[in-house]
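Asks: Pasting a structure below so you can have a look.
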Amino acid sequence: MKRILKITALVAVLGLVAAACGGNDDSGDDGATSEAPSGDLSGGTLNMAQLADVVSAFDPQKEYYSVTWEYYRCCLLRTLMSYEGVPTDQGGAEIHPDLAAAEPEISSDGLTWTFTIKPGINYAPPFDDVTITANDFITAMKRTANPKANVGGYSFYYSVIEGFDEYGDGEADEISGMTAVDDTTLQVTLTAPTGDFGYRMAMPTAAPIPPLDGAELGAAEGHDKNYGRFLVASGPYMFEGSEAMDFSVPAKDQAEVSGYIPGREIVLVRNPSWSAETDELRPAYPDRIEVSIGGDNDDLYNQVAAGEIDFVVDGAVPPDKIKEYQSDPELQDRMNVYPSDAVRYVSFNLAMPPFDDVHVRKAINWAFDKEGFRQLRGGATTGEIAGHVMVNSLQNNLLADYDPYATPNAAGDLAKAQEEMAQSKYDSDGDGVCDAPECEKVLAITDREDPYPKQSALLIQFLEPLGITLDVKQLERGVMYTKCNDMNSQTPLCAGPAWGKDYADGFTFGDPLFGSSGLWESCCNYQAMGATPEQLEGWGYDITEVPSADEKLSECTASTGDERFQCWADLDTMLMEEIVPWVPYLFDNSVDIISPNVTNYSFDQFAGLADFGQMAVSGGAA
């Protein structure tokens with residue numbers, strides 16, 4: 001078999017990142033090179049490892065996690081619109097018809113979207129005799145609206161559908177804005193023009209759910225908390241043992257699928273109902289995908305290097321491995337680096353002292369050693385220093401050169417930090433050092449996997465001269481995100497988060513991260529921004545008022561064209577200069593190494609991860 005890989009040397013990567021972010025390419029290289037796959041790459045078993053389980057046990061209405069979204073897009077679920085699983089420069093941010101037969105028809109007022117559905121496509125076993133129809137998408141939206149089923153998800157994206165919120169609030173029996181005109185025609189009526197609605201129908205929660213006699217939520221009926229373990233696939237793969245699930249018995253008596261054991265393993269096998277003739281977006285090379293859950297990050301990457309496993313799904317390539325693969329020509333073609341359309345940041349809870357004071361938040365931005373954080377992750381290969389919140393592609397590069405807290409070598413500026421701290425109510429004598437008890441042993445939670453503990457040590461080091469000491473708790477990644485997201489936990493500082501776009505529009509950074517709709521149950525406003533006095537009291541805070549960006553978010557959501565780009569840029573500057581909810585420090589690159597067994601690799605720009613279905617492995621067809 002011919003070995004075909006995307007070859008991405010370090011200098012090429014740096015040039016690609018600079019171009020993508022609006023900078024200058026000083027590498028002297030024309031960029032990464034690649035070849036299209038040739039021959040039949042299908043067959044074999046892809047062996048992967050995953051440090052932590054998915055967040056919500058594969059429940060598509062709850063999962064708001066890029067790792068799970070890749071499993072869905074590549075493998076388990078199809079949606080009306082979807083993506084090809086390739087980088088941006090190859091069209092990876094563009095949506096295409098998937099279960100839809102063509103692009104949707106949109107009325108002149110932008111309020112009515114009509115999707116025509118491909119006929120004759122069936123679900124995976126045990127629903128392999130059931131054809132996907134228009135009503136199945138309505139079922140998915142009903143479950144998305146259901147507050148018992150959507151906890152932790154992103155239902156706010158669909159409030160624009162007429163009657164969606166009323167159904168979710170129990171005020172209506174149907175979603176009035178969704179009509180199955182016939183089996184292959186779905187009509188959706190919106191309350192306001194929403195140019196990105198096609199992107200929203202490409203997200204996993206919009207994947208069809210098969211019907212079940214007498215069950216309003218179809219196969220998901222009775223599984224408000226655990227549908228992921230009973231998931232019926234529509235993509236090229238399904239969980240092993242799916243054919244043995246029995247939906248004819250009451251939900252409480254149904255046995256979970258055997259191919260997913262939480263905290264232990266994931267096994268995907270081919271869905272016999274899937275046909276490549278109806279799916280132009282997924283090559284689905286491996287016959288089988290086996291994923292072990294758990295392990296030590298560094299040890300797993302040693303196993304990849306040795307060819308014992310093929311890929312680490314959610315790991316961080318150790319800095320020494322990055323340097324090794326950069327310096328060895330024999331290994332360079334096994335390291336793949338792409339801008340992931342994501343940002344890494346430290347988040348302040350604006351309802352918790354001392355972070356209720358904007359001067360404290362600004363002081364930390366000035367003191368922050370962003371280059372030190374990047375070096376701990378592996379250096380320049382891991383991303384570009386972030387000077388603001390949103391990745392530049394979502395603002396048409398309007399803020400590519402903007403950084404209101406720029407410091408020499410991005411290493412922090414203690415003098416400017418102390419000037420800002422001196423203006424804080426927590427610095428009583430104005431010497432630039434916090435002298436209030438609120439600055440002592442401030443709880444900070446972070447990811448327990450490297451390099452986050454090392455980053456926490458650096459954070460402690462450069463905050464100490466400001467009079468801020470930290471009590472750092474290292475948590476498993478999913479637990480960390482849950483803790484940050486729960487306003488009841490009153491967590492002052494979240495030091496390990498990252499955020500990637502949901503799709504190629506600034507709304508996916510704005511509303512979930514900084515809008516009041518992203519508070520608590522919805523995700524992922526860790527700052528309490530936009531919370532009402534009643535909410536703050538209910539969560540047990542003494543502070544009664546926090547900043548809000550809701551008005552600006554509404555303005556941006558309604559804008560179009562160049563005005564929309566400008567509005568997102570204006571929101572970004574407001575966040576950085578007036579509200580200051582974060583320290584953004586890195587526009588993240590996806591850095592992957594693959595085993596010698598992997599004969600084809602593609603980066604999926606939608607999820608910001610490798611496309612598992614395009615990782616061909618030796619042992620497949622020759």
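Asks: Please figure out what share of the DSSP beta bridges in the chain is antiparallel and state it in percent, rounded to the nearest 5.
Replies: Bridges in the chain are about 75 percent antiparallel.
Asks: If the chain between ASP486 and GLU94 were fully stretched, how many nm would it gain, using 0.36 nm times the residue separation less the Cα-Cα distance?
Replies: Taking 0.36 nm per residue and subtracting the Cα distance, the gain is 137.8 nm.
Asks: Still on this structure, I have one more. Tell me what the chain gives for mean residue ellipticity at 222 nm when only DSSP H runs of n ≥ 4 count, each as -39,500 (n - 2.57), the sum divided by the residue total, rounded to 500 deg cm²/dmol.
Replies: Dividing the helical sum by the residues of the chain leaves -6500 deg cm²/dmol.
Asks: Taking 0.36 nm per residue of sequence separation and subtracting the Cα-Cα distance, how much length would be gained by fully extending the chain between THR278 and ASP328, in nm to one decimal?
Replies: 13.8 nm
Asks: Loop-only check: which trypsin sites (Lys or Arg not before Pro) in segment 224-266 are DSSP coil with at most 16 other Cβ within 10 angstrom?
Replies: Sparse-neighbourhood loop trypsin sites (Lys or Arg not before Pro): LYS225, ARG264.
Asks: Turning to a different aspect of this structure: Does the chain come out rounded, prolate or oblate by the C-alpha gyration tensor, with a ≥ b ≥ c the root eigenvalues, rounded set by a/c under 1.5 and, if not, prolate when a/b is larger than b/c and oblate if not?
Replies: It is oblate, given that a/c is not under 1.5 and a/b is not larger than b/c.
Asks: In whole Hz and in residue order, list the ³J(HN,Hα) couplings for segment 239-245 that follow from phi through the Karplus curve 6.51 cos²θ - 1.76 cosθ + 1.60, θ = phi - 60°; x for Gly and Pro.
Replies: 5, 4, x, 4, 5, 8, 5
Asks: Arrange the residues ASP369, ASP570, ASP40 by how much accessible surface each exposes, largest first, with a 1.4 angstrom probe.
Replies: Largest accessible area first, the residues go ASP40, ASP570, ASP369.
Asks: Which value in nm describes the separation of the simple spin-label points at LEU458 and ALA215, placed 7 Å from the Cα toward the beta carbon?
Replies: For the pair LEU458/ALA215, the computed spacing is 4.9 nm.
Asks: So, one more: Keeping every protein chain in place, order SER602, SER108 by accessible area at 1.4 Å, biggest value first, i.e. largest first.
Replies: SER108, SER602
Asks: Moving on. If you take the C-alpha gyration tensor of segment 429-565, multiply each eigenvalue by 5 and take the square root, what semi-axes do you get, largest first, in whole Å?
Replies: 29, 19, 16
Asks: Net charge within 9 Å of VAL267 by Cβ-Cβ distance, Lys/Arg positive one each and Asp/Glu negative one each, not counting VAL267 itself?
Replies: -2
Asks: Sticking with this one: At most 14 other Cβ atoms within 10 Å and a DSSP loop assignment: could you name the GluC sites (Glu not before Pro) in segment 152-238 that fit?
Replies: GLU171, GLU174, GLU216
Asks: Taking Cα centroids, how far is segment 498-543 from segment 96-173 in Å?
Replies: Each part's Cα centre sits 25 Å from the other's.
Asks: Can you classify segment 281-372 as rounded, prolate or oblate using the Cα gyration tensor, where a ≥ b ≥ c are the square roots of its eigenvalues, rounded means a/c under 1.5, and otherwise it's prolate if a/b beats b/c and oblate if not?
Replies: The shape class here is prolate.
Asks: Further question on the same structure: Using θ = phi - 60° and the Karplus form 6.51 cos²θ - 1.76 cosθ + 1.60, what ³J(HN,Hα) does each residue of segment 366-376 get, whole Hz, x for Gly and Pro?
Replies: Values, residue by residue: 5, 7, 5, 8, 5, 5, x, 4, 5, 4, 5 Hz.
Asks: Name the residues of segment 369-383 whose amide N is less than 18 Å from a point 7 angstrom out from the Cα of ASP298 along the C-beta direction?
Replies: Within reach of a label on ASP298, which here means backbone N under 18 Å from a point 7 Å along Cα→Cβ, segment 369-383 contributes 375-379.
The values are calculated or read from the model by the stated rules, or taken from the named source; none is laboratory data. The shown structure was predicted, so the numbers you read here are calculated from the model rather than taken from an experiment. Using ideal geometry, Cβ is built from the backbone for each residue, glycine included, and neighbour counts are taken over all protein chains shown. Only protein heavy atoms, including side chains, enter the accessible area calculation; ligands, DNA and RNA are left aside. Shrake-Rupley method; radii C 1.70, N 1.55, O 1.52, S 1.80 Å.
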